1. Residues of region B:307-319 being crowded, with 24+ Cβ neighbours inside 10 Å and within 20 Å of B:Ala151 (Cα to Cα), which ones?
2. Among (1) out of contact with any Leu (no Cβ under 6 Å at 6 or more places or on another chain); (2) away from chain A (no Cβ under 14 Å); (3) modelled with pLDDT of 95 or more, which single condition is B:Val54 missing?
3. Could you run through region B:387-402 and say how many residues are within 18 Å of B:Asp75 (Cα to Cα) and open to solvent by 20 Å² or more (accessible area, probe 1.4 Å)?
4. Quickly run through region B:194-212 and pick out the residues that are among the aliphatic types (A, V, I, L, M) and under 18 Å from B:Ala179 (Cα atoms).
5. Pick out the one residue from B:Lys267, B:Lys286 that is assigned to a helix (DSSP H, G or I), of a type in the set (Lys, Arg) and open to solvent by 10 Å² or more (accessible area, probe 1.4 Å).
6. Name, by its number, the condition in (1) among the acidic types (Asp, Glu); (2) in contact with a Lys or Arg (Cβ under 8 Å, 6 or more places away or on another chain); (3) within 14 Å of chain A (Cβ to nearest Cβ) that does not hold for B:Asp24.
7. Just to be sure I understand, how many residues within region A:27-37 are over 13 Å from the mean Cα position of the chain (by Cα), open to solvent by 30 Å² or more (accessible area, probe 1.4 Å) and either away from the ligand (no atom under 16 Å from the Cβ) or more than 11 Å from chain B (Cβ to nearest Cβ) (or both)?
8. Only residues that are among the acidic types (Asp, Glu) and assigned to a helix (DSSP H, G or I): list them for region B:45-75, please.
Amino acid sequence: MSYDKPIPSKGTHTSPFWEGTKAGKLMLPRCEDCNRVHWYPRHICPFCHSMNLEWIEGSGEGTIHTYAVQHLVFSKWAKETPYVTAYIDLKEGDRMLTVLRGVDPEKPEEIRIGAPVRVEFEQADEDTFIPFWRVVEE
Amino acid sequence: MPGTLYKSAAIVGAAEANQIGFLDEPATSLQLHIEAIKNVSEQTGIPISSIEGVFSTGWSTELCEHLGITPKYIDTTAVGGCSFELHVHHAMAAIHAGIIDVALISHGENGHSANKIGGRSLNYARGAGDASPSHEMSTAYGLAAAPNHYAHAMVRHMHRYGNTREDYAHIAKVSRDWATLNPRAAMYSKEKHPFGGPITVEQVEDSRLITWPLTILHCCMVTDHGGAVLVCSPKVAASLNTKPVWIAGAGESMGHGNMLEMEDFTKTSARFSAEAAYTMAGLGPKDMEMALVYDSFTITAAITVEMLGLAAPGEGHLLWKDGRAAPGGSFPINTNGGGLSFNHSGMYGMPLLIEAYRQLSGTAEDGIHGDPRKQTSARTCVVNGTGGSLSTTGTLVLVADD
Ligand SMILES: [Zn+2]
């Protein structure tokens, strides 16, 4: 196994998300009462405080909300510096943090806020696929 | 005779998590909190969105973020099993003071389930740790230190307002100018520190990259610092030889815990904490004669002065760029040199208070804490602390005596 970055310890209510990643699906929590998607997964809808939550398969599409280029980190990511992190506005609503792919960390000015991105998954261990987002052609 | 707080508040409902005891299906502490909160909300008919104060043993940030609420009174007192009785006392005082009408006191502790899934976390500063879903969904990407996060806000702020990185570099340059008037500042002089003494905007721009666009001179230092202040009643204050600096207004708020939940990267909850403080004081931004704002990064200071109403959105940096915030300027800011050049031990709220006291009591220029030109003539000062990842804010409006 070659993946050597931090692997999240998984909560008790997020398994539909992690199961989805194994099948290449971006599963998102949605409120059955107000129909809004939220991220990260909650025990309660943060918008209307309903507890009637369901999981839907997301499109895996989004846009760059903002980004930064990491030159100094202390995790296993240190040897990858510089690398680009970004917050992604999901097509379905709300926002996700990621390491952005398909961009040049040496040319941060060329990265465009609003650029379309698509999710992909990398296997980290037997149980875990990590989502990453990649800039796609418009 | 009853005391002042007599019947000034009441407990109006009480509920528990759906399942308690030795759970077969393990639950996190967070889940136990949330279920109980939902249940007490339904019991009382008080919507969760109406909760104004949140009291818990270290969990308040996690709870408010998870619920998506913006409290105006936050308490995380954690002194063991009796903490919740203390929370009631604190809530009563806050209600009596007219700051809030609805206080939530919450508990969740998976003492049994923790054997299976961990995360008992009695009083962590940020409650849930590994068991927090926001942590779970961001830990894979290697971000830990503050600049790793804050840079994202800076890029969005630059994008939204068309500012350049150099615009914010003026904040670092001017703060250093103040530090050169403060012998206690870590960056007072070349003699005191090899990188001390005056700096130029170009040096700020050309210094080492930490997280683009933040170079190291856009970032605060990490030093040692200790400080204390005393707050007293007017009666005690009148009996002392020191000059009182009056707390005219105070407010607090939080927008999120994890930056993942920061709705608008160009705004902090200081717009709410400031509004509360100004309202309490009966004063506004135009009445302020100086400011002390948390400058973990240049961008923090820029956004904060915008939130405090001292500058238009996107124009916070101009206070430094055009010299108003500088020594001799019309609106001094961070007269000790700030977290950027004075001291910053990790939590900078205390130095803000100390410098505000010195300025408003006329003791900012004693040769130890300030050289000539450091003492301003300000009689009012707005102080704003920012905690977490641009998450939580506290604002004070202070006024000099007489
Ligand atoms: Zn909802």
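1. The answer is B:Met307, B:Gly316, B:His317.
2. Among (1) out of contact with any Leu (no Cβ under 6 Å at 6 or more places or on another chain); (2) away from chain A (no Cβ under 14 Å); (3) modelled with pLDDT of 95 or more, B:Val54 violates only (1).
3. Counting residues in region B:387-402 that are within 18 Å of B:Asp75 (Cα to Cα) and open to solvent by 20 Å² or more (accessible area, probe 1.4 Å) gives 5.
4. Here is the first cut: in region B:194-212, the residues among the aliphatic types (A, V, I, L, M) are B:199, B:201, B:204, B:209-210.
The answer is B:Ile199, B:Val201, B:Val204.
5. Numbers: B:Lys267 fails: assigned to a helix (DSSP H, G or I).
From the options B:Lys267, B:Lys286, the qualifying one is B:Lys286.
6. If we test B:Asp24 against (1) among the acidic types (Asp, Glu); (2) in contact with a Lys or Arg (Cβ under 8 Å, 6 or more places away or on another chain); (3) within 14 Å of chain A (Cβ to nearest Cβ), just (2) comes out false.
7. 5
8. Applying the first criterion (among the acidic types (Asp, Glu)) to region B:45-75 yields B:52, B:62, B:65, B:75.
Residues satisfying the conditions are B:Glu62, B:Glu65.
The values are calculated or read from the model by the stated rules, or taken from the named source; none is laboratory data. Note that the structure is a prediction, hence the values are computed from the model and not measured. When we count neighbours, we look across all protein chains shown, and the Cβ atoms used for this are built from the backbone with ideal geometry, even at glycine. These area figures cover heavy atoms from the full protein model, side chains too; ligands, DNA and RNA do not enter into them. Shrake-Rupley method; radii C 1.70, N 1.55, O 1.52, S 1.80 Å.
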